[in-house]
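Peer 1: The following block contains the structure, expressed as structure tokens.
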Amino acid sequence: MTMVASDGYQSIDHKNLYSYLTTLPSSMLENLYKHPNPCLCMAIFRDLVPMAQKFVLRQLFIDQVLPKSALLAWITPDGRKDHDDAVRLLIELRIWSEAPSSAGLMGWKLNEHFRKGIQAVVVGGGPSWGGDVTPTAEETTPVDVAFLEKYARDQWEHVLHYLAGLKTRQTASHVVDVLATAGLVRGGNERDGGITQNGFRFLLMDTPSQVWRFVLSYLQTTQKWNMDLIECISFIFQLSFSQTGKHYSSSGFSDNQMKMLQHFRDYGLVYMRSGKRPSSRFYPTNLVMNLSGGASSTNASFAEGYIVVETNYRIIAYTDSPLKIAVVSYFSEMLYRFPNLAIGILTRESIRNALAKGITADEIIRFLRMHAHPQMRESSPILPSTLTDQIKLWEMERARFEFTDGVLYNQINSVKDYELLRNYANDLGVNVLSNNDKRLLVVTTEGHVPVRAFWKRQKKE
């Protein structure tokens, strides 16, 4: 068995809404579609491939089973693969189920609850969760979009500060719980601490991908807090369809939803005014509005370009942010530090240290390209090819060897016995290494038990 470095913690790696929902039980998916607010149905519909969207829309107002033969008539001969992918997707999401038609032919039936949810989006209707909230005396000082973006960025960076070991202020326990559930830090309290390999890789991601994976881990953590998962998922996607800069009322929210608002305020997903009396108004930020797009959504306001990379492997970071400098130092050797400028250099040793942390060459290159200074983005390619090639070569150096745990069989007396044992190991697929001249055989640790039992039986015979 090839040994792969691991921290032993679970990684949340669903890149979109589809990949996450397919892991849920069918009964839970059904209950999500039953939710009175159609936001989740709309988010799922937007995440479907174009052909699956067409199938749903064509069947949206047809209250009968769609025969498979009729479905095939909708596509061209070269679209069969897209057809199969769309059908598989709709089945996995429990949007389609196989059923006989009125003529006795097998076909596809659209989930009734999903149908009603999309119909409510297309033709209107359904309950309003926020409504047109007008400013009141509580909102004498309006909150603009620029303020919300800065607030979201500052709050989210505080989460990243804790992850990077830059504990500038007290971190809420629920933040630590979520990071630990995601496998980004060890343990679940301040004393355990310590970033994991997944944590290093997390810091190099773009902000929408970070928030998406963090929220998935939050959903997993809510079950430990005895919160209703269906209510939490529905509420998150209600927030994702809100409007930028608009404030909403929390009156009528359940205890779980109020608890989520308090948590999301610490993550920068919503803004609530602080004071002696808790505010009943909140502002969703652009962090939560990107969630319906999964990890693939982008936000230009968070792709700040501050890094200049030279052909001599020198990195110039135009920033005074301790977090940004700490992230750059994960894969470079820092040379100088000025009030608004930090200079480092990429070396073989610094890249190898990053690789040992679980960071890959592609992740380093993607991070440098994502945060490249605007002047660098004017050139093509953005990063010097000599630099990207060298980073990959340093990674290839480390990947030349694969370490495998195994058991050595030697001192085999005859060639016949050796060949018998080797062939049996080959049949089991546990042969790691064999040397015919020296009659040496190495098998995996899992294969050692059956190979040893086989060898003992042969010796008795």
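Peer 1: Pick out the one residue from D417, D389, D427 that is in a helix (DSSP H, G or I), touching a residue at least 12 places away in the same chain (Cβ under 8 Å), out of contact with any strand residue (DSSP E or B) (no Cβ under 7 Å at 6 or more places or on another chain) and not assigned by TED's automatic domain parsing to the domain that holds Q197.
Peer 2: After ruling out the rest, the residue left standing is D417.
Peer 1: Would you mind stating whether G79 is farther than 13 Å from L48 by Cβ, of a type outside the set (D, E, K, R), without any contact (Cβ under 8 Å) to a residue 40 or more places away in the chain and part of a helix (DSSP H, G or I)?
Peer 2: yes
Peer 1: If you go through segment 23-48, how many residues are surrounded by fewer than 14 Cβ atoms within 10 Å (Cβ to Cβ) and either within 29 Å of R201 (Cα to Cα) or in the same structural domain as F214 (by TED's automatic domain parsing) (or both)?
Peer 2: 2
Peer 1: Another question, then. Out of Q262, Q257, report the one residue that is within 25 Å of L166 (Cα to Cα), of a type outside the set (V, I, T) and modelled with pLDDT under 95.
Peer 2: Q262
Peer 1: Let me ask something additional. Quick one: in segment 315-338, which of the residues that are farther than 19 Å from I365 by Cα and in contact (Cβ under 8 Å) with a residue 40 or more places away in the chain is surrounded by the most Cβ atoms within 10 Å (Cβ to Cβ)?
Peer 2: If we take residues in segment 315-338 being farther than 19 Å from I365 by Cα and in contact (Cβ under 8 Å) with a residue 40 or more places away in the chain, then S321 is surrounded by the most Cβ atoms within 10 Å (Cβ to Cβ).
Peer 1: Name the pairs whose Cβ atoms lie under 7 Å apart, with the first residue in segment 253-273 and in the same structural domain as Q223 (by TED's automatic domain parsing) and closer than 24 Å to P208 by Cα, the second assigned to a helix (DSSP H, G or I) and of a type in the set (F, W, Y), and 6 or more positions between them or separate chains?
Peer 2: Listed pairs, sorted by first residue: Q257/F235; M260/F235; Y267/W156; G268/Y151; G268/W156; V270/F264; Y271/Y151.
Peer 1: Restricting segment 265-279 to residues that are modelled with pLDDT of 80 or more and over 16 Å from G245 (Cα atoms), which is farthest from the chain's Cα centre (by Cα)?
Peer 2: D266
Peer 1: A further question on this structure: Could you pull out the residue among R115, R94 that is on the phi > 0 side of the Ramachandran plot, touching a residue at least 24 places away in the same chain (Cβ under 8 Å) and either surrounded by 13 or more Cβ atoms within 10 Å (Cβ to Cβ) or in contact with a Pro (Cβ under 6 Å, 6 or more places away or on another chain) (or both)?
Peer 2: R94
Peer 1: Say whether the condition of being charged (D, E, K, R), assigned by TED's automatic domain parsing to the domain that holds R337 and at pLDDT 95 or above is met by at least one residue in segment 304-313.
Peer 2: For segment 304-313, residues charged (D, E, K, R), assigned by TED's automatic domain parsing to the domain that holds R337 and at pLDDT 95 or above: absent.
Peer 1: For a quick check of your reading of the model, give me the residue pairs whose first member lies in segment 29-57 and is outside any helix (DSSP H, G or I), whose second is at pLDDT below 85, with beta-carbon atoms closer than 6 Å and at least 6 apart or on different chains.
Peer 2: P36/P127; N37/W129; P38/G126
Peer 1: Quick one: in segment 317-348, which of the residues that are under 29 Å from the mean Cα position of the chain (by Cα) and of a type in the set (S, T, Y) is nearest to G199 (Cα to Cα)?
Peer 2: Y330
The values are calculated or read from the model by the stated rules, or taken from the named source; none is laboratory data. Values in this document were obtained by computation on a predicted structure and should not be read as measured data. Neighbour counts run over all protein chains shown; Cβ positions are idealised from the backbone, glycine included.
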